[in-house]
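Comments concern the structure below.
The values are calculated or read from the model by the stated rules, or taken from the named source; none is laboratory data. Bear in mind the structure is a predicted one, so any value in this text is a computation, not a measurement. Cβ placement follows ideal geometry from the backbone for every residue including glycine, while neighbour counts extend to all protein chains displayed.
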Amino acid sequence: MFHRKPIFDEVRLLLGRGFTSHEVAALDRAIDEALASGRSPSETELTLGSAGRALIQKWEGCARRRADGLFEAYPDPGSKDGQPWTIGWGSTGPDIVRGTVWTQVQCDARFEREILRYVRDVIAAIDSAATSSRQFDALVSFHYNTGAIATATLTKLHRQGRFAEAAMQFGKWIYNDGKVLEGLKRRRAEEAALYMSQ
């Protein structure tokens, strides 16, 4: 039987507090998915590199730091209704609402936990397609922001090895509530450049 206590103890230490019931369920799901895959992280060839991590964190930012050093949730600035509420490195979810406040440690821990899911999603979406580390980093950044790696034409073209055409697809994901956002234009341009870099 797989003992989960060491994992829970380590995450509790990172957070600097106990868990909510939602967090316990989410962590249990993540462990179950890892066990069901039959692979350990060391057996996965593709991982998020420093270029991808830097790009994601540059664009997500760890915003809304208060005078006391804590971070507070804020409404999505690009959507009409302000949804979803966001905190830390672009984290969203049912546990993040108006009034949510986190420490830097909590922001970082949530990012580390969430990025593993986005990496797994991209690996599943690209299947066995030849993928450079820079392409992978760009795809993870794209997915972290859009959540669309499984359905995007970009992914289909990448799987077919049509990389130049795939790179052009980044520029189509620049809208929020039907409006072009300059920040998304710049982010997609950087992702496309990273995707095509050697």
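Could you tell me whether any residue of segment 131-147 is surrounded by fewer than 15 Cβ atoms within 10 Å (Cβ to Cβ) and touching a helix residue (DSSP H, G or I) at 6+ places or on another chain (Cβ under 7 Å)? Checked against the condition, which is being surrounded by fewer than 15 Cβ atoms within 10 Å (Cβ to Cβ) and touching a helix residue (DSSP H, G or I) at 6+ places or on another chain (Cβ under 7 Å), segment 131-147 yields no hits at all.
A search for C-beta distances below 6 Å between a residue of segment 162-173 that is in the same structural domain as residue 138 (by TED's automatic domain parsing) and any residue that is loosely packed, with under 14 Cβ neighbours inside 10 Å, counting only pairs 6+ apart in sequence or on different chains, returns 169/153. Looking across segment 63-109 at every residue that is outside any helix (DSSP H, G or I) and acidic (Asp, Glu), the one that is nearest to residue 147 (Cα to Cα) is identified as 76.
Taken over segment 82-105, residues that are over 14 Å from residue 22 (Cβ atoms) and polar (S, T, N, Q) amount to 4. Restricting attention to segment 133-153 and to residues that are without any contact (Cβ under 8 Å) to a residue 40 or more places away in the chain and assigned to a helix (DSSP H, G or I), the residue that is farthest from residue 182 (Cα to Cα) turns out to be 153.
Specify the residue that is modelled with the highest pLDDT; the eligible residues are those in segment 154-182 that are in a loop (DSSP other than H, G, I, E, B), more than 20 Å from the chain's Cα centre (by Cα) and over 18 Å from residue 125 (Cα atoms). Show your work before the answer.
Going through segment 154-182, the residues in a loop (DSSP other than H, G, I, E, B) turn out to be 160-162, 173-174, 177-178, 181.
Checking the rest, the ones that are also more than 20 Å from the chain's Cα centre (by Cα) come to 160-162, 177-178.
Filter once more, keeping what is over 18 Å from residue 125 (Cα atoms): 177-178.
Working: 177: 83, 178: 86.
Of everything passing the filter in segment 154-182, 178 is modelled with the highest pLDDT.
Do we find that residue 40 is farther than 18 Å from residue 184 by Cα and either more than 17 Å from the chain's Cα centre (by Cα) or modelled with pLDDT under 70 (or both) in this structure? The answer is yes for residue 40. Among the residues in segment 133-148, are any of a type in the set (A, V, I, L, M), touching a strand residue (DSSP E or B) at 6+ places or on another chain (Cβ under 8 Å) and not assigned by TED's automatic domain parsing to the domain that holds residue 8? No: segment 133-148 contains no residue that is of a type in the set (A, V, I, L, M), touching a strand residue (DSSP E or B) at 6+ places or on another chain (Cβ under 8 Å) and not assigned by TED's automatic domain parsing to the domain that holds residue 8. Is it the case that residue 130 is in contact (Cβ under 8 Å) with a residue 24 or more places away in the chain and part of a helix (DSSP H, G or I)? Against the criterion (in contact (Cβ under 8 Å) with a residue 24 or more places away in the chain and part of a helix (DSSP H, G or I)), residue 130 does not qualify.
A single entry from 190, 165, 182 fulfils the requirement of being surrounded by fewer than 15 Cβ atoms within 10 Å (Cβ to Cβ), more than 24 Å from residue 81 (Cβ to Cβ) and not hydroxyl-bearing (Ser, Thr, Tyr): 165.
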